[in-house]
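J.: This is the structure, below, for whatever I ask next.
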Amino acid sequence: MNCIIGADKKSCNLLEEFVGKSSSLNLVGSFSDIDSVRNQLSGRQDIDIAFLDTDILEMDFFDFLNSLDYQPNIIIVSSSDVNALKAFEHNVVDYLLKPLTYSRFFKAIDKAIKYYLHKEDRNSGDNEIFIKKGSSLVKLKLKDIIYIEALENYVTLNTNDERFTIHFTMKAIENQLPPGIFIRVHRSYIVNKSMIQAIKENSLDLKVGDELKNLTIGKSFRDPLLNNLNMLGR
């Protein structure tokens, strides 16, 4: 599992030592400033875990999370537990308090691996979810979702035949979807990769029934999208 570290220098050194002891982790980068962390997370989508130290942030931690185009599994490092409960409401994997110990770090990694494997198990398009429609719950296969669109505080799940609107954020639903099937291509769009028919300079075509639906590709999402697809030649 690829990981990055964003923490003060002392914590970086200690976390690097801990990561080096774990055969399941591959350290991609270690940074002491939040801008470098943001650039890493914006430039690639193969990072599985990010250790983020709240003490190096120059803004509210949750505002930072919401600003990310791509959010891997987050393990928070902090000198205070004041935001711990709120952090878990934002689907972070774990919350490590300073001073850091290897035994506590190991428990966090074990938890992250189990969560990662669970997400991998959900990569089958045969998996189903239930969507509220009026007073009923409707069963929907993940593979039938063609694309998801952000709409203020809601998202719409679009299939060939229906459109479901639910009260959810894009970031929250992205974290629940199997990356083997879906990929974010814009701040407002997540698409089913199997439905992509063509990729143009700044947009892509999706097959929706007998027609093609053209969606814009965000500038920061284009390279991660191309890197995620099976391609012959460049």
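Derivation of every value follows stated rules applied to the coordinates shown; laboratory data play no part. Being a predicted model, the structure only gives us computed values, none of them experimental. No Cβ is skipped: glycine too gets one built from the backbone with ideal geometry, and neighbour counts run over all protein chains shown.
J.: Label-point separation (nm) for Arg104 and Asn91, each offset 7 Å from Cα along Cα-to-Cβ?
T.: Computed distance between label sites Arg104 and Asn91 equals 2.6 nm.
J.: Sticking with this structure for a sec: I want to verify the translational diffusion coefficient of segment 26-107 in µm²/s; compute it with Stokes-Einstein, Rh as the Kirkwood radius over Cα pairs, at 20 °C and 1.002 mPa s.
T.: The Stokes-Einstein estimate is 162 µm²/s.
J.: Separate question: Just to be sure I understand: with springs between alpha-carbon atoms less than 10 Å apart, which residue in Ile76, Ile166, Ile129 has the highest mean-square fluctuation in the Gaussian network model of the chain?
T.: Ile129
J.: Also, quick follow-up: Past 20 Å, Cα to Cα, is the threshold; run Lys114/Lys139; Lys143/Lys193; Lys132/Lys207; Lys9/Lys111; Lys171/Lys193 against it and keep the listed order.
T.: From the list (Lys114/Lys139; Lys143/Lys193; Lys132/Lys207; Lys9/Lys111; Lys171/Lys193), the Cα-Cα distance tops 20 Å for Lys114/Lys139; Lys132/Lys207; Lys9/Lys111.
J.: While we're on this one: What's the longest uninterrupted piece of the chain once you rule out the GluC sites (Glu not before Pro) that are loop residues per DSSP with at most 11 other Cβ within 10 Å?
T.: Values: sites that count: Glu58, Glu152, Glu201.
That gives 59-151 as the longest site-free run.
J.: Would you mind giving the average projected area, over all directions, of the Cα convex hull of the chain in nm² with one decimal?
T.: 14.2
J.: Helix 219-228 against the longest principal axis of the chain: what's the angle in degrees, Cα atoms only, rounded to the nearest 10?
T.: 90
J.: Using θ = phi - 60° and the Karplus curve 6.51 cos²θ - 1.76 cosθ + 1.60, what whole-Hz ³J(HN,Hα) does each residue of segment 24-32 get, with Gly and Pro shown as x?
T.: 8, 10, 10, 7, 7, x, 10, 9, 10
J.: For Lys10, put the label point 7 Å out on the Cα→Cβ axis and report which residues of segment 90-110 keep their amide N under 14 Å from it.
T.: Counting backbone N atoms under 14 Å from the label point, the list is 98-101.
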